[in-house]
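To start, the structure itself, in structure tokens.
The values are calculated or read from the model by the stated rules, or taken from the named source; none is laboratory data. As the structure is a computational prediction, the values presented were derived from the model and not from experiment. Neighbour counts are summed over all protein chains in view; Cβ atoms, including those assigned to glycine, are modelled from backbone coordinates with ideal geometry.
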Amino acid sequence: MKVEDTGDRVSRSRRAGMASRVRRVLLGNIYVLGILSLLWLLIRSGRKPSRMAYPCQRAALANTSLLFAGGVAPLAARVGRVVHERNAVGGSASAARFLRLAEAAALLLLAGLLASTLLGGLGGPRLTEAMRVAAAGLNLPELRSGSPEASDIFVAEGIPANSERGVDMLIDVMARNGLDFFRSSGVRESSGPDGIIASDDIVLIKVNGEWRYRGGTNTDVVKGLVNAIVHHPDGFTGEVVIVENGQWDSYMDNLPDNRNPDACNAEDRGQSFNDVALMFSGSHRVSVYDWTAIQTLSV
């Protein structure tokens with residue numbers, strides 16, 4: 001006589017039920033994420049399409065296109081099949097054709113939005129010029145915190161055409177407000193014993209290299225910062241390393257898998273972080289290091 005193990009059967013049934021619930025939750029989350037991403041795009045970018053260039057908007061667009069569309073496509077196919085079956089028993093052929101055209105148009109629209117954003121956003125040079133004009137007229141009011149632990153924020157205004165020179169202006173503003181950029185035994189302009197950068201320091205410049213275009217750190221500013229450091233009044237014998245942990249993506253342009261030849265945040269869009277390092281590497285120790293390669297190593 002065959003004896004069944006009731007405990008094993010119940011355990012298998014519970015595992016199967018749990019797996020089914022997990023699948024339902026995950027499928028629901030995919031739809032919810034896609035729908036919420038679409039709502040975010042409509043609210044944040046509907047009245048101002050230029051915001052589609054922002055990193056958060058690109059991420060939302062990717063979620064909408066890949067996740068939401070990934071759920072809509074099977075649903076649309078199922079609905080289309082139902083309509084076709086009804087049409088076969090006397091339904092309207094024009095209604096079925098209209099539904100198929102609507103499905104195709106919706107999917108093409110999502111694909112077009114995704115492609116345009118990944119290829120540089122909407123607006124192109126016109127948007128860049130509009131941003132430049134808006135920045136030129138920006139007027140920041142002076143605000144002060146009553147907290148004794150508040151940090152000082154220094155603002156350099158009236159930046160010249162060569163925007164990397166804005167770093168020099170910022171260093172001057174800091175010095176006039178009691179914070180020297182250079183650490184030195186001598187007392188010179190922007191330098192003193194309590195300064196930030198010593199002549200033999202190893203300086204890590206943490207940038208945002210995970211995104212392209214205006215989602216990344218401005219490489220003109222990085223160039224101006226490196227230029228200021230290597231021109232330390234005592235002579236610079238240390239090292240400067242431009243670093244980033246791109247997590248799942250990186251555009252530092254120093255390795256075969258993180259190239260960024262023409263989508264940099266700079267007046268010259270071909271000026272990458274690696275290009276900046278190469279400008280100074282002939283006379284000083286300046287380099288780029290992508291932490292993405294070692295992010296799985298424990299310290």
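Out of curiosity, is V187 in contact (Cβ under 8 Å) with a residue 24 or more places away in the chain, out of contact with any Gly (no Cβ under 7 Å at 6 or more places or on another chain), more than 23 Å from C56 (Cα to Cα) and in the same structural domain as P160 (by TED's automatic domain parsing)? So V187 fails the test.
Of the residues I196, I202, I153, which is in contact with a Leu (Cβ under 9 Å, 6 or more places away or on another chain), free of Cβ contacts under 8 Å to residues at least 40 places away in the same chain and within 28 Å of H284 (Cα to Cα)?
I196
For the range 242-262, a residue qualifies if it is surrounded by fewer than 22 Cβ atoms within 10 Å (Cβ to Cβ) and of a type in the set (A, V, I, L, M), and the qualifying residues are V243, L255.
Got at least one residue in the range 284-293 being in a loop (DSSP other than H, G, I, E, B) and farther than 26 Å from E129 by Cβ? Yes. The set of residues from the range 195-213 being among the acidic types (D, E) and either assigned to a strand (DSSP E or B) or touching a Lys or Arg at 6+ places or on another chain (Cβ under 9 Å) (or both) comprises just one member, D201.
Residues of the range 138-190 that are among the β-branched types (V, I, T), at pLDDT below 85 and more than 29 Å from the chain's Cα centre (by Cα): V187 alone.
Take the range 218-241 and flag every residue that is within 18 Å of the chain's Cα centre (by Cα) and surrounded by fewer than 21 Cβ atoms within 10 Å (Cβ to Cβ). Across the range 218-241, the qualifying residues are N218, V221.
Of everything in the range 157-184, what is small (G, A, S) and either touching an Asp or Glu at 6+ places or on another chain (Cβ under 8 Å) or not assigned by TED's automatic domain parsing to the domain that holds V222 (or both)? Give them in sequence order.
S163, A175, S184
Close contacts from the range 117-146, counting a first residue that is hydrophobic (A, V, I, L, M, F, W, C) and a second that is assigned to a helix (DSSP H, G or I) and modelled with pLDDT of 70 or more, with Cβ to Cβ under 9 Å and a gap of 6+ residues or different chains, come to L118/R58; L118/L61; L118/A62; M131/R214. Among the residues making up the range 230-262, those that are farther than 13 Å from T217 by Cβ and touching a Gly at 6+ places or on another chain (Cβ under 8 Å) are P233, D234, N258, P261, D262. A135 passes every criterion in (1) at pLDDT below 75; (2) of a type outside the set (F, W, Y); (3) farther than 30 Å from L42 by Cβ; (4) assigned to a helix (DSSP H, G or I) apart from (3). Mind checking which residues of the range 267-279 are crowded, with 21+ Cβ neighbours inside 10 Å and either closer than 11 Å to V221 by Cα or touching a Gly at 6+ places or on another chain (Cβ under 7 Å) (or both)? Those that are crowded, with 21+ Cβ neighbours inside 10 Å and either closer than 11 Å to V221 by Cα or touching a Gly at 6+ places or on another chain (Cβ under 7 Å) (or both): F273, V276. All of N265, N254, N227, N260 fail the test of being under 30 Å from G192 (Cβ atoms) and either in contact (Cβ under 8 Å) with a residue 60 or more places away in the chain or in a loop (DSSP other than H, G, I, E, B) (or both), apart from N227.
Can you say whether D194 is acidic (D, E) and loosely packed, with under 15 Cβ neighbours inside 10 Å, as far as the supplied structure shows?
Taking the combined requirement at face value, the residue satisfies it.
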